[in-house]
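S.K.: Got a structure here, written out as structure tokens. Questions coming.
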Amino acid sequence: MVCAAFRGEGVSRLILLYILQLIFLLLVAVYLYLTWINLQLTRRKDRVVLLSSDRKKMGSQLLVLLERFAGDPAQMHFIELGAGFAYIAELVAKRWPASTVEAVEVVSPYAWLGKLRLLLSRAHQVTMKVGDVLTTKDYPTGSVLYCYLLTDLLDQMYQSGSLKGCLVITLTFPITGIEPAAILPVAGWQKCLYVYDFRATPSVLAS
Ligand SMILES: C[S@@+](CC[C@H](N)C(=O)[O-])C[C@H]1O[C@@H](n2cnc3c(N)ncnc32)[C@H](O)[C@@H]1O
């Protein structure tokens, strides 16, 4: 009887060990798959690899900038362009729960993992979409766009007119030839946040 109980315990431990091994292998496979996708991105000029904004170093400064430039941040429409796993969108959503927050990411697996992460962290307010920032042109007027993309991509977005009517905050990479409304240095190697205010019409600027 005692022997059977021990055997039962041994079997359930073995099953648990197998399940843990399976989870471990699954996580390794996901990690390798994401690394492979990132390597593919380095070959494309219309993409940027996934590298997260260092929230510990720039998160509080971003919130300060939003308080200063976004009007009433509690009412803003915030969009993270090229969102990766949407950490910045989550940060903003948790700070201003009444705001509208979106995250746009071109690589579907990143977007799915982002959705899962947002679900687990209960950031239900964030809408995560799969989309290419180079072909999207209809951000709602007055939106606040955050991005950590390359100057080349930002220049293309600017030239295509997709940033028109929006407040743009970009980490590290400025838009070529456009004077920022503000530059805020951040600690670490991501250097600074640039603010561009394209919300005002030229006639408003002139007056
Ligand atoms: C440097 S990471 C920034 C991630 C995140 N925004 C952050 O700050 O932590 C750039 C992200 O933009 C995505 N991306 C690159 N090109 C894109 C494009 N054309 N449209 C949408 N997303 C793009 C990449 O897949 C990657 O996840």
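Derivation of every value follows stated rules applied to the coordinates shown; laboratory data play no part. Just so it is clear, the model here is predicted, and its values are computed rather than measured. We place every Cβ from the backbone using ideal geometry, glycine too, and count neighbours over all the protein chains shown.
S.K.: Which whole-number percent gives the relative contact order of the chain, counting Cα pairs below 8 Å spaced six or more residues apart?
M.R.: 16 percent
S.K.: Return the loop-located trypsin sites (Lys or Arg not before Pro) in the stretch 95-155 (DSSP other than H, G, I, E, B) with at most 13 other Cβ atoms within 10 Å of their own Cβ; answer none if there are none. It would help to have the intermediate numbers written out before the result.
M.R.: Details: sites: R95, K115, R117, R122, K129, K137; in loops: R122, K137.
Hits after loop and neighbour filter: R122, K137.
S.K.: Calculate, in whole percent, how much of the Cα-Cα pair population of the stretch 95-185 lies beyond 19 Å.
M.R.: On the way: 1895 of 4095 pairs.
Distances greater than 19 Å cover 46 percent of the Cα pairs.
S.K.: Angle, helix 55-69 long axis vs. longest principal axis of the chain, Cα atoms, 0 to 90°, nearest 10?
M.R.: Taking the Cα atoms of the chain, the angle to 55-69 is about 40 degrees.
S.K.: Among the lysines in the chain, how many pairs, 8 or more places apart or on different chains, have alpha carbons under 14 Å apart?
M.R.: Lysine pairs, 8 or more places apart or on different chains, close enough: 4.
S.K.: What number do you get for the stretch 4-114 when its Cα radius of gyration is normalised by 2.2 N^0.38 Å, N = residues? Please list the in-between numbers first.
M.R.: Details: Rg = 20.7 Å, N = 111, 2.2 N^0.38 = 13.2 Å.
Cα Rg divided by the expected 2.2 N^0.38 Å: 1.58.
S.K.: So if I restrict to the alpha-carbon atoms in the stretch 46-109, what is the Rg, and what is Dmax, the biggest pairwise distance, in Å?
M.R.: Radius of gyration, then largest Cα-Cα span, for the stretch 46-109: 12.1, 34 Å.
S.K.: Let me ask something else. Suppose we take every Cα in the stretch 1-43 and form the convex hull; what volume per residue is that in Å³?
M.R.: 22 Å³
S.K.: Also, I was wondering about something else. Would you mind checking which residues have amide H under 5 Å from K129's amide H? H placed 1.01 Å from N; only 5 or more apart, or other chain.
M.R.: The list, which skips near neighbours in sequence, is A103, V104, E105.
S.K.: If you average the alpha carbon positions of the stretch 7-47 and of the stretch 85-157, how far apart do those two centres end up, in angstrom?
M.R.: Cα centroid to Cα centroid, the span is 26 Å.
S.K.: Here is a further query. Counting every Cα pair in the stretch 55-206, what percent are over 26 Å apart? Don't skip to the end; give the middle numbers.
M.R.: Numbers: 2222 of 11476 pairs.
Across the stretch 55-206, Cα pairs with separations above 26 Å total 19 percent.
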